[in-house]
Amino acid sequence: MLNEVRGTTKDTKLHEGRQASFLRVTSCPWWFSLLSTMHNSTALGRMFVAESFAKERPMAHQHPPRFLKIVDDAKTRVRETNVDEVKTMMERGQKFVLLDVREESEYAKDHLPGAIHLGKGVIERDIEARAPALDTELVLYCGGGFRSALAADNLQKMGYTNVISMDGGIRDWREKGYPLTKG
């Protein structure tokens, strides 16, 4: 069993003034020699950052700052909607292609009714077979809205003109108790 020590450090240059948490695993064989070279908690914090510095974002998982930076950049170019709007579109019978861009194992667990799986790793390669017309209305979702924003941005770069990312993703959909398809 691993022994761990949790703590915090503050280094304004590294963490832009935000407090960061670190996790030190003390039972690793290399740890003793590393400890002998480390003299302060700031250095330890640099080595063992276990949580993202973006505490201001409410989400199930904490994401690394460079990932959040490219997501924020993509979101400046991508049209977004929310789970309530997508549910309304479904109830009205509006015609659109609903794409789940999560991993295959996530999709297999559950997904929105009528969703087609095109994972973020292959969507650019496979989208033309599913939606050859560049003006097809595409609604993309993932776990929370980050991967779908990145995928939507790439589809727009490919010439698709009616792409929407569902902010909040399947997590918000689940929280609202909306229907899901298993398997």
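Throughout, read-outs are computed from the coordinates displayed, never taken from laboratory work. Predicted model, so just to flag it, every value in this text is computed and none were measured. Methodologically, a virtual Cβ is constructed for each residue, glycine included, from the backbone with ideal geometry; neighbour enumeration extends over all protein chains shown.
A few remarks follow.
- Segment 108-147, subset in contact (Cβ under 8 Å) with a residue 60 or more places away in the chain and aliphatic (A, V, I, L, M), residue surrounded by the fewest Cβ atoms within 10 Å (Cβ to Cβ): Ala108
- Residue check, Thr181 of a type outside the set (D, E, K, R) and either loosely packed, with under 13 Cβ neighbours inside 10 Å or in contact with a Cys (Cβ under 9 Å, 6 or more places away or on another chain) (or both): yes
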